[in-house]
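Following: one structure in structure tokens, then a few remarks.
The values are calculated or read from the model by the stated rules, or taken from the named source; none is laboratory data. Computed from a predicted model, the values in this text were never measured in an experiment. Don't worry about glycine lacking a Cβ; one is built from the backbone with ideal geometry, like all the others, and counts go over all protein chains shown.
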Amino acid sequence: MRLLFAKSASPHHGFAAYYTYLEKIFEADAVLHFGTHGSLEFMPGKQVGMSGTCYPDRLINSLPSAYLYAANNPSEATIAKRRSYSATVSYLTPPAENAGLYKGLKELKELIESYRGLRGNEARGPAILTPS
């Protein structure tokens, strides 16, 4: 990873070969990037006004690029747009919720809580818990 983000290092040969393969051999119509913290846009080269000597420009070459980015990360989406010529597509991340229990597990949890409550109740607990 250090080599991918080093300002003075060239990209790993496999990384460079991948983009060459996509364009020249596979003849892809476009490249779709998913996620964040991509490495193409962080390759060595100028921050603005890319030229043919900057690695992001050399790697993406003439392939159209679309980058799917979470809407809560606009700064990195801007870098991807600027340095890899990507059209960015934003999406909202789904809200996180407690999934809770389902089916028999919910009933089991209620029975366990009921059992725990009976152990402290000296009037009802022993009568219910003692097998007949």
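Tabulated data for the structure shown
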read-out: Looking only at the range 48-92, and only at residues there that are β-branched (V, I, T) and touching a strand residue (DSSP E or B) at 6+ places or on another chain (Cβ under 9 Å), the one that is modelled with the lowest pLDDT; value: T78
read-out: Test set (1) modelled with pLDDT under 80; (2) in contact with a strand residue (DSSP E or B) (Cβ under 8 Å, 6 or more places away or on another chain) - G100 fails condition number; value: (2)
read-out: Among (1) in contact with a Ser or Thr (Cβ under 6 Å, 6 or more places away or on another chain); (2) in a helix (DSSP H, G or I) - the single one L111 does not satisfy; value: (1)
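Conditions tested, residue by residue: (1) part of a loop (DSSP other than H, G, I, E, B); (2) surrounded by 12 or more Cβ atoms within 10 Å (Cβ to Cβ).
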| residue | (1), (2) |
| --- | --- |
| P44 | yes, yes |
| G52 | yes, no |
| A66 | no, yes |
| S75 | no, no |
| T78 | no, yes |
